[in-house]
Amino acid sequence: MQNYFFVLILFLFVVQNTHCHNGESVHDALTNIKERMLKELSVEEILNLNARKVRKFLSDKEAHVLGHKLVQFHVNVPVDVYILRDQRLKTVNVSHTKPYWLGERNFTLTPLDAKVDGRDFDVWVKSFPAGKIELGVNSVERKVDQYLIALKPQNAGDKIQVKDLYPGQCRVTTLQKSALAYVDDNDDFVEEIPQALNGLTLIQASKSWRKVGRLVNVFSKTHFPSTEKPDQIVLTWSDDPKTTQTIQWRTNTKVSKGVVAYWKKDTEKIIHTPAKTNTLTTKYIVNDPVCLRHTATLKNLQPDTTYMYKVGNGNESNWSGVAQFTTAPSKVKPFSFVYMGDAQNGLDFWGKLLKKAFEERPDADFYIMAGDLINRGDERWDWDHFFFNCKNIYDRKTLVPAIGNHEDYGNSGPWLYLQLFTLFENGPQTIEKERAYSFTYSNTLFIVLDTNVDPETQVAWLEEQLKTSNATWKIVVYHHPAYSSAIGRDNKKIRNLWTPLFDKYHVDMALQGHDHSYLRTYPMFAEKRVKTAKDGTYYVVSVSGVKMYRQSPELYYREVGFMDTSTYQVLDIEVDEHRLLYRARDINGKLLDEIEIRK
């Protein structure tokens, strides 16, 4: 399993920056409120919380902390404090103002409006004397954009000085058109600002604070709770695919251990291997807060050999059904694999598409998913839904996943992804283990990269993998595309840092996700179209779920593109013909795109 050092550091950073100077803490208040909710409310009451019910539940002390302790600072002169609030929090009944503290602390709604990154903001104001000013959480309910803070001196000629600004990431600047709205987001600009606010002092907060105070929809119920019977059985690789196979599965806490029983197909000698068992605690899953995850890596297997297996705890009454896997060949042999883009939303539909791919190509050796396997990577119920829809497939075909932005979700990063999947730890030392990795299968090098961390941290390692490989074919997998299907979703840094290496060492295909419409480029070299695959790299974006995006009409690099269609792709590596066959199909099996690359 992964090294959790980086996750711990990130967690401590978030905790530190929601604590107050005087010991009163938003973080601690939220923790205590959630614990009280679990003790004092029924499951039904918890699952039906809204902003009004939360406010009624809060004690006076809790309401004070959430309404005062997110942002704090001192001013040297009397000021009017303007709060620019995302209008999605607007309510019909003014007595139910969101966030609650705006109304309770007598902020007044003005007729002014502003626009930030395409979002409409209304404007609230309250007068404060010189001294300390404290402001509360963005919302207890919705994950809307973080409010903006503007200051105006009450007396003409006064010059505002802001001191003791807390949290320390906050910055003081000037509110004007094209100003950056947040200290941690270089893409959100103030687009429209009323003249009355133009030139005021702007305190830039962190956009990530928009969900700090959330108490609604924090709790959830999984439709697929754990039981004593093993489920969520998934194959991955964490070592040589020729001689090892990693298996992971789930049970409830009534099962104390895990065991794999396996044997060569058509033989009777059974080998038992114990699993490593870890407790997975997701206490806000109200009907199944704790389950067990079991992982075993079978070693010293024979290459190109089919094995049968079952998982359990050693008791005859608690084995799973029998499944099988086949190890990678030690010699160069033809093989096939399936590639899919984002599943993310509509996992039931994705499950049908996955089943179609499995039925049409039962010979495919493994499945690649280029990130965004789910929508909410820090919510276990979403992963439970994913595993339900891939049962009887990913226990037979090894899953090769990449991290998307929806796995790297929330303040703790991709912690659930890294607990659920045991993967190679041979990636760059500059990032967390298992976030990027590489392996060779037959005559093909596969490199899985992580676009959620700085691409520069993987450049040296990426070049080393490409430079030292003598594989015939080279395929890279990552989430955010180097060539996007929409102009507004361009990822220049990935293209600038990685594609020159793809050019230098002739990567054959880059399998991507994120953009939710199908796109295949012409062969590309040095960001230009070239005539044949011998001269460049094909870049593909695909989607396997139901969430769809528009595609820009003019993309010079696009050879094939279409929208509103979920696809699966099968890639066949043929040895004798020295060729790669790539085909994209929809859920009906209709062929939508096809290329052939010859060496």
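Summary table below
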quantity	calculated
Sparse-neighbour loop sites [trypsin sites (Lys or Arg not before Pro); segment 100-163; at most 10 other C-beta within 10 Å; DSSP]	K159
Debye-sum result for segment 332-401 in log10 I(q)/I(0), which assumes one identical scatterer on each alpha carbon, at q = 0.15, 0.17, 0.21 Å⁻¹	-0.46, -0.59, -0.87
Student exercise, segment 26-211 dipole from Lys, Arg, Asp, Glu Cβ charges, in Debye to nearest 20	320 debye
Positive-pole candidate from T244, T282, N313, dipole of segment 223-330, charges at beta carbon	T282
Extended-chain gain in nm, criterion 0.36 nm per residue less alpha-carbon gap, D60 and N315	86.5 nm
For segment 404-473, with +1 on Lys and Arg beta carbons and -1 on Asp and Glu, the positive-most of L466, T430, W415 along the dipole	L466
1.4 Å probe accessible area per residue over segment 497-537, in Å²	37 Å²
Segment V530-A196, length gained on full extension (0.36 nm per residue, minus Cα span)	114.8 nm
Cβ-Cβ FRET estimate between D120 and N278, R0 fixed at 51 Å, reported to 0.05	0.65
Chain lengthening between N76 and K177 when straightened (0.36 nm per residue, less Cα-Cα)	33.8 nm
Point-to-point label distance, L555-D158, nm (Cα→Cβ direction, 7 Å offset)	5.4 nm
Over segment 412-478, relative contact order from alpha-carbon pairs under 8 Å, at least 6 apart, %	28 percent
The chain: relative contact order in percent, alpha carbon pairs under 8 Å with at least 6 residues between	10 percent
Sum of -39500 (n - 2.57) over DSSP H runs of 4+, divided by residues of the chain (222 nm, nearest 500)	-5000 deg cm²/dmol
Of all accessible heavy-atom area on the chain, the percent that carbon and sulfur account for (1.4 Å)	48 percent
FRET E, pair D266, E425, Förster distance 45 Å, beta-carbon r, rounded to 0.05	0.85
Exceeding the 24 Å Cα-Cα cut-off - candidates K299/K333; K211/K433; K143/K356; K333/K534; K265/K352	K211/K433; K143/K356; K265/K352
Degrees, to the nearest 10: 5-16 long Cα axis against longest axis of the chain	10 degrees
Distance between modelled label sites at K229 and D184, nm, 7 Å Cα→Cβ extension	4.3 nm
Test item: Cα-centred dipole of the chain, Lys/Arg +1 and Asp/Glu -1 on Cβ, debye	600 debye
Within segment 39-138, GluC sites (Glu not before Pro) in DSSP loop having at most 10 other beta-carbon neighbours inside 10 Å	none
Prolate/oblate/rounded label for segment 332-598 (Cα gyration tensor, a/c 1.5)	rounded
Segment 97-145, accessible area per residue, ligands and nucleic acids excluded (1.4 Å, Å²)	40 Å²
Proximal lysines to K152, defined as alpha-carbon separation beneath 21 angstrom and excluding residues fewer than eight positions away on the same chain	K115, K126, K132, K163, K177
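The values are calculated or read from the model by the stated rules, or taken from the named source; none is laboratory data. Note that the structure is predicted; figures quoted are calculated from it, not measured. Here Cβ is always computed from backbone atoms with ideal geometry, including for glycine, and neighbour counts include all displayed protein chains. These accessible areas exclude ligands, DNA and RNA; they are computed on the full protein's heavy atoms, side chains included. Shrake-Rupley method; radii C 1.70, N 1.55, O 1.52, S 1.80 Å.
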